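Here's the structure, in structure tokens; my notes come after.
All of the numbers you see were taken from the coordinates with simple rules; none came from a lab. In this text the structure is predicted, and so the values were computed from the model without any measurement. No Cβ is skipped: glycine too gets one built from the backbone with ideal geometry, and neighbour counts run over all protein chains shown.
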Amino acid sequence: MRLHRGFTLVELITVMVITGIVAMMVVNMITTPMQAYSDMKRRAELVDIAELTLQRMARDIHHALPNSVKVLSSGGIKSIAFLNTVDGGRYSSTGSDIFEANQLINKFLIRKALTNITDAEVKADTHYVVVYNLGQTGADAYQGDNIATITGLPLAPPKTEVTFNDFTFPYDSPEDRFMLVDKAVAFICDDLTTKQIRLYSGYNFREDLGGTSVPVDISKGDLLVDNISSCDFKYDPGNSTRPGLVTLEITINDAQHTNEKITLLQQIFVENQP
């Protein structure tokens, strides 16, 4: 007759302890790379959001009318605003229907037909013609010094011209340049209360008509990005030998992990030769 022996209690406990230790080691080996992957994925998503936000802002700022960029900080809310150009060219300085400064005019011939805008578009929505914007009193589009409302763009030869409400422009452009503007655009950041950056456009930017060049009302506009923990906008207008420089810096938090954040900075050159 054969005897069958089982495991003793000590042997069972020993096996359970060893199995538990091995299991903990395996779990730690799996958990650490999985957590690292999760952290990398979360940070990559934050970087993507920040990059897309800065790229959108940079794309619009590249269209800024020379010397129209404005930066303001009020009550913890930061804003950067500018006038959006849709087209431009050079006006005729000889012959008839030419551009003349310090004269009441309502049209001038241009050297080349415009390609980015049509007569129907300027008649459907308000557009402006601006000549030699210096961003200074006497030559500031915000103050109404050198900006006239367009009435038409008859672009078919031989009448290739811009027509506008009667206006007296104070200065000629040294390069015979003019620009067409459709609206003001502002990026407004509230990193204290709403934690958002909003895109605000189409507001009354004419200071001579009771408007404001830089709005700070964060409740208006379209949401661009949220979960902003800090933001900073800076502007160096440059000089006659170098372009202006806009510096944008934003820090974005992860909504579920408040300690996880990413900070990105982007600089944009702005052509300020009017």
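Here are the numbers for the structure shown:
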{"quantity": "Set of lysines near K123 by C-alpha distance (under 22 Å), chain-local residues within fewer than 8 positions excluded", "calculated": "K107, K112, K159, K183"}
{"quantity": "Largest to smallest principal axis extent of the C-alpha atoms in the chain, angstrom", "calculated": "128, 42, 37"}
{"quantity": "Fewest-first sequence of S240, S93 by Cβ atoms within 10 Å of each Cβ", "calculated": "S240, S93"}
{"quantity": "Segment A58-L209, extension gain: residue separation times 0.36 nm, minus the distance between their alpha carbons", "calculated": "51.5 nm"}
{"quantity": "Expected 222 nm ellipticity per residue - DSSP helices of 4 or more, -39500 (n - 2.57), all of the chain, to 500", "calculated": "-8000 deg cm²/dmol"}
{"quantity": "Pairwise centroid distance, computed over Cα atoms, of the stretch 175-218 with the stretch 72-95, Å", "calculated": "10"}
{"quantity": "For the stretch 84-182, size of Cβ-based charge dipole, Lys and Arg +1, Asp and Glu -1, in debye", "calculated": "260"}
{"quantity": "Only Lys, Arg (+1) and Asp, Glu (-1) charged, at Cβ; the chain dipole about Cα centre in debye", "calculated": "1060"}
{"quantity": "Using a Förster distance of 45 Å, the FRET efficiency for I98-L264 (Cβ separation, nearest 0.05)", "calculated": "0.40"}
{"quantity": "Projected label distance in nm at L192 and D119, using a 7 Å step from Cα toward the beta-carbon", "calculated": "5.2"}
